[in-house]
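Peer 1: Below is the structure I would like to discuss, written out as C-alpha cells.
The values are calculated or read from the model by the stated rules, or taken from the named source; none is laboratory data. A quick note: this is a predicted structure, and the numbers were derived from the prediction, not measured. Note: ideal-geometry Cβ built from the backbone for every residue, glycine included; neighbour counts use all protein chains shown.
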Amino acid sequence: MKIESAKVIVTSPGRNFVTLKIVTESGTYGIGDATLNGRELSVASYLEDHVIPCLIGRDAGQIEDIWQYLYRGAYWRRGPVTMSAIAAVDMALWDIKAKAAGMPLYQLLGGRSRNGVLVYGHANGKDLEGTLEAVGRYIEMGYKAIRIQCGVPGNASVYGVGKGDLYYEPAEKGLPPEEVWSTPDYLRFIPGVFEAVREKYGDAPLLLHDCHHRLTPIEAARLGKDLEPYRLFWIEDATPAENQEAFKLIRQHTTTPLAVGEIFNTVWDAKDLIQNQLIDYIRATLVHAGGITHMRTIAALAALYQVRTGFHGATDLSPVTMGAALHFDTWVPNFGIQEYMRHTPETDAVFPHDYSYADGMLQVGDKPGHGVDIDEELAAEYPYDRAYLPVNRLADGTLWNW
Ligand SMILES: O=C(O)C(=O)C[C@H](O)[C@H](O)CO
Ligand SMILES: [Mg+2]
C-alpha cells in the first residue's frame with residue numbers, strides 16, 4: 001500500500017482548519033487534522049514543503065517507522081508546528097490502516113473498553129445568573145459533566161465566556177484582540193459561582209473549571225482550597241506548566257484534582273508531572289501531541305501512575321481530531337473524560353462524520369477508519385481567513401497569560 005499522493009486542504013467554515021489527505025496506490029485514503037489555532041499556515045507549509053515530499057512512495061502501513069522518520073529524522077524535534085504536522089500524517093495513516101482492515105479504528109487499537117465516551121460541555125455566562133441558566137440548559141441536554149466559566153464583575157471580557165449558547169470561538173478575525181485581567185477579582189468571585197451551582201443543582205453534576213494558565217502556583221493553591229467544598233472533577237491549567245515542578249506547590253495545598261496539558265506536544269512535557277503524581281488528568285490530545293502513535297506512549301506512562309486522559313476538544317480541533325480521539329477514548333484503559341465543544345453546522349457539513357451525542361456521552365460509529373471525511377468541494381468555498389487568539393494584559397499594561 002504505497003503512498004501515491006498527499007495534499008493539504010485549508011478551509012474556513014466559520015474558523016480555520018488545516019487537513020491532510022493521504023492517498024495510496026489502491027485509492028484508499030486517510031484524513032488527518034493539522035490545525036494549530038492562530039498559526040495554521042505554518043503547519044500547512046511544514047507539511048507541503050517538507051513532509052509530503054518525503055512521504056511519496058513509502059508504505060502507508062509502516063506507521064511507526066514513518067513517525068520515527070518524521071520525528072528523529074527532522075533532527076529538530078518537538079514543538080507545536082512539528083508535532084501537529086506529524087500528528088496529521090499519523091492520524092491519516094491509522095485511518096488508512098483501519099479502512100484497509102475493514103475495521104473501525106478502536107478495534108485496531110485493542111477494542112472497546114467502555115459503552116461510550118463521557119463528555120463535558122461548556123456552560124458559561126456573562127454573570128452569575130446567566131451562568132446558572134446555562135448550567136440548567138446543559139443538564140437538560142443530558143450532560144453529566146459540565147465545565148463552568150463565568151464573567152467576573154469589573155472585567156470586560158474573561159476567558160471561556162462565549163457570545164452564543166452552544167458555540168464558543170475565542171479566535172477573532174484580523175489581529176489579536178487585547179483583554180484585561182485581574183487575578184484578585186477572579187479569585188474573590190469564582191468560589192461563589194460554584195457554591196451557587198451546587199445550591200441550585202445539587203451534588204450530582206460533575207463540575208470542571210479552566211484557569212487557563214492565569215494563576216501563579218500559590219494563587220492556584222488558594223483557588224483549589226477554596227473550591228474543595230464544591231468537589232470539582234478538576235481545575236485545568238491552574239498555572240503554566242513549562243516548569244513542571246510548580247505543580248508540587250499546588251499539590252501540597254489542595255485535594256482538588258488537577259488537569260493539565262492541552263498545549264503539550266510530547267511525553268517530555270508531561271513526564272515529571274505524571275511520574276511525581278502531580279496531576280490527575282492529562283489533557284494532551286492527538287492533533288498537537290504527535291497523533292495516535294505518540295498519544296499511546298503518553299497514555300501508557302500516565303496509566304502507571306493512575307493519571308487518566310481528559311483530551312482537549314475545543315472547536316479549534318477539527319472534527320477529524322474529535323473522531324480519532326473518540327476511537328482512542330473508546331479503547332484506552334485509563335480514560336477519564338473527553339471535552340466536547342460542538343462545531344457549527346457549517347464545520348460539520350465540511351467534515352461529514354459518524355460520531356453522535358446522546359445522554360452525556362459521545363459514541364463512535366462503526367465505519368472502517370476513524371469515521372471522519374472532508375467534502376473538498378464544500379471546503380473550497382471557505383478560503384483561509386486570518387484569525388488570532390486574544391492576548392491578555394494586567395491593568396497596568398503588563399502582558400499576561402491569556
Ligand atoms: O478547551 C479548553 O480547555 C481551552 O482552553 C481552549 C483553548 O483556549 C483553545 O483551544 C485555544 O485554541
Ligand atoms: Mg483549556
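Peer 1: Can you work out which of the residues in segment 253-269 that are within 16 Å of ligand 1 (Cβ to nearest atom) and part of a loop (DSSP other than H, G, I, E, B) is nearest to GLU339 (Cα to Cα)? Working first, answer last.
Peer 2: Keep residues of segment 253-269 that are within 16 Å of ligand 1 (Cβ to nearest atom), which gives 257-265, 269.
Imposing the further condition that a residue be part of a loop (DSSP other than H, G, I, E, B) reduces the set to 257, 261-265.
Details: PRO257: 16, GLY261: 13, GLU262: 11, ILE263: 14, PHE264: 16, ASN265: 18 Å.
Among those residues, the one meeting the criterion is GLU262.
Peer 1: Say we look at segment 20-36 and pick out the residues that are within 23 Å of the chain's Cα centre (by Cα) and not in a strand (DSSP E or B); which of these is surrounded by the most Cβ atoms within 10 Å (Cβ to Cβ)?
Peer 2: ALA34
Peer 1: Hey, can you tell me all the residues within segment 305-327 that are of a type in the set (Ser, Thr, Tyr) and closer than 15 Å to ILE279 by Cα?
Peer 2: Scanning segment 305-327 gives TYR305, THR309.
Peer 1: Could I ask something else about it? Filter segment 142-164 down to the residues that are surrounded by 15 or more Cβ atoms within 10 Å (Cβ to Cβ) and part of a loop (DSSP other than H, G, I, E, B) and list them by number.
Peer 2: Once the filter is applied, which keeps residues that are surrounded by 15 or more Cβ atoms within 10 Å (Cβ to Cβ) and part of a loop (DSSP other than H, G, I, E, B), segment 142-164 yields TYR143, LYS144, GLY151, VAL152, ASN155, SER157, VAL158, TYR159, GLY160, VAL161, GLY162.
Peer 1: Within segment 82-89, is there a residue that is surrounded by fewer than 17 Cβ atoms within 10 Å (Cβ to Cβ) and out of contact with any strand residue (DSSP E or B) (no Cβ under 7 Å at 6 or more places or on another chain)?
Peer 2: So far as segment 82-89 goes, no, none of its residues is surrounded by fewer than 17 Cβ atoms within 10 Å (Cβ to Cβ) and out of contact with any strand residue (DSSP E or B) (no Cβ under 7 Å at 6 or more places or on another chain).
Peer 1: For segment 271-298, how many residues are within 16 Å of ligand 1 (Cβ to nearest atom) and part of a loop (DSSP other than H, G, I, E, B)?
Peer 2: 9
Peer 1: Quick one: count up the residues across segment 289-326 that are within 19 Å of VAL267 (Cβ to Cβ), β-branched (Val, Ile, Thr) and either within 16 Å of ligand 2 (Cβ to nearest atom) or surrounded by 21 or more Cβ atoms within 10 Å (Cβ to Cβ) (or both).
Peer 2: Residues that pass the stated criteria total 6.
Peer 1: Would you pick out the residues in segment 365-397 that are of a type outside the set (A, V, I, L, M, F, W, C), within 30 Å of ARG114 (Cα to Cα) and surrounded by 16 or more Cβ atoms within 10 Å (Cβ to Cβ)?
Peer 2: Answer for segment 365-397, where residues must be of a type outside the set (A, V, I, L, M, F, W, C), within 30 Å of ARG114 (Cα to Cα) and surrounded by 16 or more Cβ atoms within 10 Å (Cβ to Cβ): GLY365, LYS367, PRO368, GLY369, HIS370, GLY371, ASP373.
Peer 1: Residue pairs, Cβ under 8 Å, 6 or more apart or interchain, first in segment 374-387 and touching a residue at least 40 places away in the same chain (Cβ under 8 Å), second of a type in the set (A, V, I, L, M, F, W, C) and assigned to a helix (DSSP H, G or I). List them.
Peer 2: As it stands, the answer is ILE374/VAL320; ILE374/VAL350; LEU378/ALA349; LEU378/VAL350; ALA379/VAL350; TYR382/VAL350; TYR384/LEU41, since those pairs meet every condition given.
Peer 1: If a residue has to be near ligand 2 (Cβ under 10 Å from one of its atoms) and either among the polar types (S, T, N, Q) or not assigned by the TED database to the domain that holds THR239 (or both) to count, how many in segment 206-221 make the cut?
Peer 2: Summing the residues that are near ligand 2 (Cβ under 10 Å from one of its atoms) and either among the polar types (S, T, N, Q) or not assigned by the TED database to the domain that holds THR239 (or both) in segment 206-221 gives 0.
Peer 1: Moving to a separate point now. How many residues does segment 346-369 hold that are of a type outside the set (A, V, I, L, M, F, W, C) and under 17 Å from VAL18 (Cα atoms)?
Peer 2: The qualifying residues number 5.
Peer 1: Can LEU232 be described as in a strand (DSSP E or B), aliphatic (A, V, I, L, M), more than 14 Å from ligand 1 (Cβ to nearest atom) and closer than 18 Å to ARG283 by Cα?
Peer 2: no
Peer 1: Oh, and also: Looking at segment 112-137, which of its residues are more than 15 Å from GLY192 (Cβ to Cβ) and without any contact (Cβ under 8 Å) to a residue 40 or more places away in the chain?
Peer 2: ALA123, LYS126, GLU133, ALA134, ARG137
Peer 1: Would you check if TYR69 is without any contact (Cβ under 8 Å) to a residue 40 or more places away in the chain, assigned to a helix (DSSP H, G or I) and over 19 Å from the mean Cα position of the chain (by Cα)? Working first, answer last.
Peer 2: On the way: without any contact (Cβ under 8 Å) to a residue 40 or more places away in the chain: yes; assigned to a helix (DSSP H, G or I): yes; over 19 Å from the mean Cα position of the chain (by Cα): yes.
Taking the combined requirement at face value, the residue satisfies it.
Peer 1: Please return the ranges of strands (runs of 3 or more DSSP E) entirely within segment 305-402 where 2 or more residues are not assigned by the TED database to the domain that holds GLY160. Spell out the reasoning first.
Peer 2: On the way: elements: 308-311, 335-339, 356-358, 361-363, 391-394.
Per the criteria, 391-394.
Peer 1: Among the candidates VAL180, VAL193, VAL158, VAL152, which residue alone is within 16 Å of ligand 1 (Cβ to nearest atom) and among the β-branched types (Val, Ile, Thr)?
Peer 2: None of the other options fit; the residue is VAL158.
Peer 1: Next question, about the same structure. Taking into account only those residues within segment 231-270 that are on the phi < 0 side of the Ramachandran plot and of a type in the set (Gly, Ala, Ser), which is nearest to ligand 2 (Cβ to nearest atom)?
Peer 2: ALA259
Peer 1: Given the condition within 30 Å of GLY397 (Cα to Cα) and assigned to a loop (DSSP other than H, G, I, E, B), answer yes or no: does some residue in segment 122-140 qualify?
Peer 2: Yes, some residue in segment 122-140 is within 30 Å of GLY397 (Cα to Cα) and assigned to a loop (DSSP other than H, G, I, E, B).
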